[in-house]
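The values are calculated or read from the model by the stated rules, or taken from the named source; none is laboratory data. Just so we're clear, the structure is a prediction, and the values are computed from it rather than from any experiment. Cβ atoms come from the backbone with ideal geometry, glycine included; neighbour counts cover every protein chain shown. Accessible surface areas use protein heavy atoms only, side chains included; no ligands, DNA or RNA. Shrake-Rupley method; radii C 1.70, N 1.55, O 1.52, S 1.80 Å.
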Amino acid sequence: QCQLNGLWRNDQDSLMEISVLRDNGDFQGQYLTQVTLSGGCAQISPLRGAQQQLGEEGWPTFAFTVRWDKFSNATTAFVGQCFVDAGGKEMLSTMWLLREAVGSLEEDWKATR
């Protein structure tokens, strides 16, 4: 069974650490992205989320948000599921939406990636 707490690395070399996983499924941690909108130096940003509570079997689904602290006016929401491959390696499969702040309703069309 997958355990979300711990250190995760994605295929872009960004790091995510889930350091607190509560009994009710709520979790928090930090995200160090290697990909920035501004092209600047990456910084650690806080994340908060929730995991679906399962019994002893199954692969948990989860969702979390990252507030890109100090270097971007954007927020990203991730949803995914945790799996264990045939070799016993835990893997997270996720999709994300990033919302960047824009100055007007007319610019809304370009704010979500």
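For the stretch 6-110, a simple Cβ point-charge model (Lys and Arg +1, Asp and Glu -1, everything else neutral) yields a dipole of about 240 debye relative to the Cα centre.
Each Lys or Arg adds one and each Asp or Glu subtracts one; over the other residues with Cβ under 12 Å from the Cβ of residue 99, this totals +1.
The accessible surface of the stretch 42-108, taken with every protein chain in place and a 1.4 Å probe, is 54 percent carbon and sulfur.
For residue 77, the shell of other residues with beta-carbons less than 14 Å away shows a net charge of +3, using +1 for Lys and Arg and -1 for Asp and Glu.
The ellipsoid that matches the Cα gyration tensor of the chain has semi-axes, each √(5λ) in whole angstrom, of 28, 15, 13, with the longest given first. Rolling a 1.4 Å probe over the protein heavy atoms gives the chain an accessible area of 66 Å² per residue. Each label point was placed 7 Å from the Cα along the Cα-to-Cβ direction; for residue 32 and residue 99 their separation is 2.9 nm. Karplus-derived 3J(HN,Hα) values for the stretch 20-31, using 6.51 cos²θ - 1.76 cosθ + 1.60 with θ = phi - 60°, are 10, 10, 7, 4, 7, x, 5, 9, 8, x, 8, 10 Hz; glycine and proline are entered as x. Close amide H pairs (under 5 Å, H built 1.01 Å from N) link residue 47 with 29, 30, 31, residues at least 5 positions away or on another chain. Each of 53, 78, 30 was scored by the projection of its Cα onto the charge dipole of the stretch 6-110, and the greatest displacement toward the positive side belongs to 30; charges sit on the C-beta of Lys, Arg, Asp and Glu.
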